[in-house]
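Input: a single structure, listed below in structure tokens.
We did not get these values from a lab; they are worked out from the coordinates using the rules stated. Note that the structure is a prediction, hence the values are computed from the model and not measured. No Cβ is skipped: glycine too gets one built from the backbone with ideal geometry, and neighbour counts run over all protein chains shown.
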Amino acid sequence: MSTPMQTMVVDPLDNTAEDPTRPTPLVLGGHDFTSLTDKVCGIAETPRPPRAWYIAFAVTSSLTVMMFAMIAYLIFKGIGVWGLNNPVGWGWAIINFVFWVGIGHAGTLISAILFLLRQKWRTSINRFAEAMTIFAVICAGIFPAIHVGRIWVVYWLFPVPNYQAMWPNFRSPLLWDVFAVGTYATVSLLFWYTGMVPDLATLRDRATKKSRAILYGIFALGWRGSHRHWHRYEKVYLILAGLATPLVLSVHSVVSFDFAVSQIPGWHTTIFPPYFVAGAIFSGFAMVGTLLVPARKWFGLGELITLHHLENMNKIILATGSMVGFAYATEFFIAWYGGNPNEAFAFVNRAFGPYAWAYWIMVSCNVIAPQFFWFKKIRTNTLVMWILYIFVNIGMWFERFVITVTSLSRDFLPSSWDYYKPTAVDVLTFLGSFGLFFTLVLLFIRYLPIVAMAEVKTVMPAAHVHGEARPVGDYHGDIDGGGTTRASKEVAP
Amino acid sequence: MSAATPSAAQAADRAIYGLLVEFEHPEGLVEACRRVRDEGFERWDAYTPFPIHGMDRAMGIRETRLPKLILLGGLTGLAIALLMQWWMNAVDYPFLISGKPLFGLPANIPVTFELTVLCSALTAFFGLWGRNGMPRLYHPVFKSRRFRRATADRFFLVLEASDRRFDLRRTQEFAASLGGVHVQQLEE
């Protein structure tokens, strides 16, 4: 009976208590439209960002420069500067590619799939997650481009006429990848930008300097919030979400085909597409969390990105992490049950062979770490969850390492086995890609609206017009074909 | 009745784009929109910082035809993808690899799917801005300083002078009766 007393004294910023009789408030701190706009725009409008921003930017941009230096060295000397050897022809480049492209998937899940499922809590975090998607896909795209060796003929990947009068082989999963990742990058960018136009208009209208008004003005395309525009906008947003949903599932499925369509033991399995997609969402949410937890603290966004949001994300990490763990177990079961000795060997070799250390890092980080999220105390503790996110990030990189390297280094013929080790160039290029990723994140925080203001406003109680059935505002929810047609018939002249 | 107003009045109003009415809360705007719709205005618009539920009905906006256009875009992408793969791999440059058929749906589905999605998304994106008449960096409403809050926390309604029913004096009275906090004349 002491529960009501406890509810009285809890932190006003803690909205994680579930009360099924009323919707959980998604914006705390008594914000109205004005203060919300001030808060979010304030981040992009401060004349000078905090000192920590400059320090972080100096570090990340240096890393970026280092990455480009490494790439220049690679192009100048050739692929031999990497640690690739005869059986292991696919090394860190493909590992990093799958790692980065997988991270992007959480952004699309939050922006598209949670939107279709009408999960209103997504509004506070979707802009940030979508930005992360685009930056991750940029980092991902670098690796396949440079791993081709002769980068000056990289256009052979595309169906462009060339002097040899050859066309690409459309029956190869590697070419499917070109189309899948290209489409994914384009659609994510369109979706992100479309969602941002109304908020860019807000920044334009608040600009005090002419240069800012012009720059934001150009990118806002002259948006003025016309309701006739909103009508089409909501429809298109819904359709883009509907398109992005199967797209995101297809992208990592196609990435997994790069492995699954080959005949290497440990790769040639039908479980790969769903297992890769679950892993992608798992790793992506961990990366969103890695960025959001500090950003929300430094920019005082705890009232918009509430504990409830973080807790929901942790539940998704728990669910997808368990799926990944289940997939690992299934792989082992099928390797034994399938009765193929090469397949069985590949898995025993993974867990107990020369790369056992990598395998057990992967299992500890991906299977054990997320299980802590069964406890509410851990789900709602920002420091502990951030540490767990780091574990997941590490674990998911090692998953790709284990899949790629263990299978290649010991395939059918023992005479061709070899141990693979990366070189400094491998390591520095990968480190540099983190530099590029965080540089883009820092620029995004500095210049763009990091919370989707227009969307968040619709989930505030004040957005709700009395007499409507729904208890809270409903962004992009006004798509009621029958109703509007009837109304337009009423006034048809 | 308003058609009875001679063209002389129109000439006097030429410089006027319309009347801007400002509201503090979404409820007031929705109620006003219903009245404007019922009054029979055709050239008018509501401007809000976010889409308001129920506004489509209150304004009597017709369902957009963009979804059909997007479907058409998607089908175009599908056709291009299938034709391209068939022509490139089976006609113009046929080569056998691993005994796979030169053109067979299973191996050609991924690229077909991706191009269908890509073309649909591009149609959606460009269709949206095209139908909205954007980019359009100048618009008469931008002349109003008060209108800058239309993308933040205020709600606006504009009765355009090009409407058949627009008559400066009478429409001004009507605008004042809509319950807004401020009425302003907008120049072209």
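Numbers below:
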item	result
Computed [θ] at 222 nm, helices only, for the protein assembly as shown once each DSSP H run of length n ≥ 4 contributes -39500 (n - 2.57)	-19000 deg cm²/dmol
Taking A:100, A:90, A:374, A:357 and counting other C-beta atoms within 10 Å, the order from fewest to most	A:357, A:374, A:90, A:100
Average other protein chain Cβ within 10 Å of Cβ, residues A:213-223	3
Over the protein assembly as shown: Rg over Rh, Cα atoms, Kirkwood Rh	1.02
Cα centroid separation, segment A:147-220 to segment A:330-402 (Å)	33
Tail fraction, Cα-Cα pairs, segment A:349-400, threshold 17 Å, whole percent	39
Charge dipole (chain B, unit charges on Cβ, about Cα centre) - positive-most of B:66, B:55, B:95	B:95
16 Å Cα-Cα reach of residue B:68 towards lysines, excluding residues that sit fewer than 8 places from it in its own chain	A:235
Charge tally in the Cβ shell below 12 Å around residue A:207, where Lys, Arg are +1 and Asp, Glu are -1, residue A:207 excluded	+4
Within-11-Å neighbourhood charge of residue B:139 [Cβ basis; K, R +1; D, E -1]	+1
Global geometry of segment A:213-325, whether rounded, prolate or oblate, following the gyration tensor of its Cα atoms and the 1.5 cut on a/c	oblate
Shape call, segment A:258-310: gyration tensor on alpha carbons, a/c limit 1.5	prolate
Cleavage-rule hits, chymotrypsin sites (Phe, Trp or Tyr not before Pro), segment A:125-190, DSSP coil, Cβ neighbours within 10 Å at most 10	A:163
Cross-link partners of residue A:315 among aspartates and glutamates (Cα-Cα below 17 Å; sequence separation of 8 or more within a chain)	A:14, A:18
Residues B:42, A:303 arranged by fewest to most Cβ contacts within 10 Å	B:42, A:303
Mean separation of Cα contacts under 8 Å (6+ apart) over length of chain B, as relative contact order %	50
10 Å-binned pair-distance histogram of segment A:15-168 (Cα, whole percent)	8, 21, 28, 21, 14, 8, 1
Fewest-first ranking of A:88, A:178, B:36, using other Cβ atoms within 10 Å as the exposure measure	A:178, A:88, B:36
Candidate lysines for bridging to residue A:421, where Cα separation is under 24 Å - those fewer than 8 sequence places away on the same chain excluded	A:77
Nearest-ten-degree value, helix B:66-86 long axis tilted from longest Cα axis of chain B	20
For the protein assembly as shown, size of Cβ-based charge dipole, Lys and Arg +1, Asp and Glu -1, in debye	1000
All Cα pairs of chain B, percent lying beyond 31 Å	42
Relative contact order %, segment A:362-454, counting alpha carbon pairs below 8 Å whose residues are six or more apart	21
Positive minus negative residues near residue A:337 (Lys, Arg vs Asp, Glu; Cβ under 12 Å)	-2
Spacing of the two label points (7 Å from each Cα toward its C-beta) at residue A:315 and residue A:55, in nm	3.7
